[in-house]
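Heads up, the thing below is written out as structure tokens.
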Amino acid sequence: MINFKSKILFFSFIFLLNLALARSRSFVTPRFQVHIIDALPPNSKLILHCQSKDDDLGYKVLHPNEEFSFSFNEKLFGVTLYFCHFWWNGKDIPFDVFNSKIAGQCGVIDPDTLECYWKVQEDGFYFGARRNPPPNYERKHDWNS
């Protein structure tokens, strides 16, 4: 029969383990940084709205050469997905800026952190993996009218 002190010790251990995991999710899942760079022509304005199932990052207005970035840990169980809706010059398009397929293409900053880059241009949306060295961008999406 398990004595009372053993039960207290066991539940204390479980509590402390849960607390440690909650405070440092990167211990369990990697941290991702997503960067969105406005590379549109001068005097233009890019509007975007990014969100996941759990987080609404709100509407942002970017001007040429400005960047919006956000970071998060992947979910331990389930799927992590962020999507953005972009508006520029009478055109708009929504698409995933992060999902499990994109996660595999992001660049490693350190053992616990990866980064993904989206560059918005007149002819579409380009994806790159890492800032240093500068990413080799590949066009992934065209603007819709």
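Quick notes
- Set of lysines near Lys53 by C-alpha distance (under 19 Å), chain-local residues within fewer than 8 positions excluded: Lys75, Lys101
- Counted by Cβ distance under 14 Å from Lys53, the other residues give a net charge of -4, where Lys and Arg count +1 and Asp and Glu count -1.
- From helices alone, the chain scores -5000 deg cm²/dmol at 222 nm; the rule is -39500 (n - 2.57) for each run of n ≥ 4 DSSP H residues, then divide by the residue total.
- Over the chain, relative contact order from alpha-carbon pairs under 8 Å, at least 6 apart, %: 22 percent
- Accessible solvent surface per residue of the stretch 31-105, calculated while the other protein chains remain in place, 1.4 angstrom probe, Å²: 54 Å²
- Spatially proximal lysines relative to Lys60 (Cα-Cα < 20 Å; intrachain offsets below 8 disregarded): Lys45, Lys91, Lys119
- Cα gyration tensor category, rounded, prolate or oblate, for the stretch 90-138 with a/c compared to 1.5: oblate
- Cα long-axis angle, helix 4-23 against the chain (0 to 90 degrees, to the nearest 10): 10 degrees
- Taking 4.7 Å between C-beta atoms as the pairing limit, the chain has no partnerless cysteines.
- Average projected area [Cα convex hull, the stretch 31-142], square nanometres: 6.9 nm²
- Percent antiparallel among DSSP beta bridges (both partners in the chain, rounded to 5): 80 percent
- Given charges at beta-carbon only (K, R positive; D, E negative), |dipole| of the chain in Debye: 680 debye
The values are calculated or read from the model by the stated rules, or taken from the named source; none is laboratory data. Being a predicted model, the structure only gives us computed values, none of them experimental. Every residue, glycine as well, gets a Cβ built from its backbone with ideal geometry; the counts of neighbours run over all protein chains shown. To get the accessible areas, we keep the full protein, side chains included, count just its heavy atoms, and leave off ligands, DNA and RNA. Shrake-Rupley method; radii C 1.70, N 1.55, O 1.52, S 1.80 Å.
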